[in-house]
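Reviewing the structure listed below.
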């Protein structure tokens with residue numbers, strides 16, 4: 001009976017971690033969409049003003065886009081190769097990045 005309860009606990013833990021992985025993947029994809037919009041806006045502003053700050057923000061957004069692409073790939077396709085206990089932290093980082101990108105988008109518009 002005890003072994004069955006332990007096995008059942010592991011199944012529920014796996015489902016919970018799968019949920020965190022799905023949240024991290026979804027938020028990373030949403031972040032990528034917002035970052036493509038930000039890159040478009042910054043390039044449009046840089047084309048009009050030729051300000052170095054806009055080029056820097058474009059590079060920053062491009063690096064964040066690369067990081068979110070990697071996060072979505074790892075959480076979505078390489079689930080066998082990373083530690084499942086990190087899934088809640090990946091989800092938290094993706095959510096915090098989403099909030100930060102929204103603030104940056106709001107300040108830009």
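Bear in mind that the values in this text are calculations on the coordinates, not laboratory data. These numbers were taken from a predicted model, which means no experiment stands behind them. Heads up, the Cβs are rebuilt from the backbone with ideal geometry, glycines too, and the neighbour counts pull from every protein chain shown.
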> What list do you get for 60, 77 if you sort them by fewest beta carbons within 10 Å?
Replying inline: 77, 60
> How far apart, in nm, are two points set 7 Å out from the Cα along the Cα-to-Cβ line at residue 73 and at residue 36?
Replying inline: 1.6
>> Only counting other Cβ atoms within 10 Å, I'd like 30, 96, 109, 64 sorted with the fewest neighbours first.
In response: 109, 96, 30, 64
> Taking neighbour counts of Cβ atoms within 10 Å as a proxy for exposure, in what order, fewest first, do 36, 93 appear?
Replying inline: 36, 93
>> Could you tell me the calculated FRET efficiency between residue 22 and residue 60, based on Cβ-Cβ distance and R0 = 41 angstrom, to the nearest 0.05?
In response: 0.90
> Which value in nm describes the separation of the simple spin-label points at residue 102 and residue 81, placed 7 Å from the Cα toward the beta carbon?
Replying inline: 3.3
> Under a point spin-label approximation (7 Å from Cα along Cα-to-Cβ), what is the residue 50-residue 109 distance to one decimal in nm?
Replying inline: 3.0
>> Over all directions, the average projected area of the alpha-carbon convex hull for region 30-103 comes to how many nm²?
In response: 5.1
